[in-house]
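A short write-up of the structure that comes next.
The values are calculated or read from the model by the stated rules, or taken from the named source; none is laboratory data. Fair warning: this is a prediction, and the values are worked out from it, not measured in the lab. Cβ placement follows ideal geometry from the backbone for every residue including glycine, while neighbour counts extend to all protein chains displayed. Note: areas computed on protein heavy atoms with side chains; ligands, DNA, RNA excluded. Shrake-Rupley method; radii C 1.70, N 1.55, O 1.52, S 1.80 Å.
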Amino acid sequence: HGTQADIGVMWGLRALSPRSQWVNFFGHTGAQAPMAFNDADVRKVMILLTDGANEAPFHYEGYYGCLEGWRGPNARNCSTASGISSLDRASLDALTRAACEATRLTYGVEVYTIAVNVTDTNAVNLLADCAGDPTRAFNITAAQLDATFDTIAARELRIKE
């Protein structure tokens, strides 16, 4: 339990950022380092892959807290992060929409989404909204994952087989 797609989007954005500490962590320098956002000579593409709907963690604290006070021997008390009034699905979906919109519109990143074995229509629709373009949103089975990545790569990298 505990899918929070907006956190995945934010970490993806950090990985694409030239200001990210990950640049130093991975030792990227010069041409290997991420270029600036919204540079006319650069295309940044993010793929958000998930197997489920947004769902707050129940027993163990996640990024925003958790839903119940029960805790195992290694967990802390559940809490709710500052500025988060609710960990319900609507709130988590709103955070995801906001993260996706900022990634696309503020930072100029092209977002693809892949829902793997997801039958929840609302979750699939959220991911389509996140991509901002229905041709960049995929709802697939696990068996279709390789073909889906090939499709995205062929479209974005103009790879011919």
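Taken over the range 93-108, the residue count meeting the criterion of being open to solvent by less than 40 Å² (accessible area, probe 1.4 Å), in a helix (DSSP H, G or I) and not polar (S, T, N, Q) is 4. Number of residues in the range 17-35 that are open to solvent by 50 Å² or more (accessible area, probe 1.4 Å) and outside any helix (DSSP H, G or I): the value is 6.
If you scan the range 1-16, which residues turn out to be in contact with an Asp or Glu (Cβ under 7 Å, 6 or more places away or on another chain) and surrounded by 13 or more Cβ atoms within 10 Å (Cβ to Cβ)? Outline the logic, then answer.
Residues of the range 1-16 that are in contact with an Asp or Glu (Cβ under 7 Å, 6 or more places away or on another chain), as a first pass: 1-3.
Of everything in the range 1-16, those that are in contact with an Asp or Glu (Cβ under 7 Å, 6 or more places away or on another chain) and surrounded by 13 or more Cβ atoms within 10 Å (Cβ to Cβ) turn out to be Gly2, Thr3.
Taken over the range 84-99, the criterion of being out of contact with any strand residue (DSSP E or B) (no Cβ under 8 Å at 6 or more places or on another chain) and aliphatic (A, V, I, L, M) is satisfied by Ala90, Leu92, Ala94, Leu95, Ala98, Ala99. Among the residues of the range 61-76, which ones are at pLDDT 65 or above, open to solvent by 80 Å² or more (accessible area, probe 1.4 Å) and more than 16 Å from the chain's Cα centre (by Cα)? Result: Leu67, single match. If the condition is being open to solvent by 60 Å² or more (accessible area, probe 1.4 Å) and among the polar types (S, T, N, Q), then the range 36-60 contributes only Asn38. Filtering the range 1-60 to residues that are touching a Gly at 6+ places or on another chain (Cβ under 7 Å) and on the phi > 0 side of the Ramachandran plot leaves Gly2, Asn38. Might you let me know whether the range 90-107 holds any residue that is at pLDDT 95 or above and in contact with a Lys or Arg (Cβ under 8 Å, 6 or more places away or on another chain)? Taking every residue of the range 90-107 in turn, at least one turns out to be at pLDDT 95 or above and in contact with a Lys or Arg (Cβ under 8 Å, 6 or more places away or on another chain).
Selection within the range 109-143: residues that are out of contact with any Phe, Trp or Tyr (no Cβ under 8 Å at 6 or more places or on another chain) and of a type in the set (S, T, N, Q). The member of this set that is most open to solvent (accessible area, probe 1.4 Å) is Thr119.
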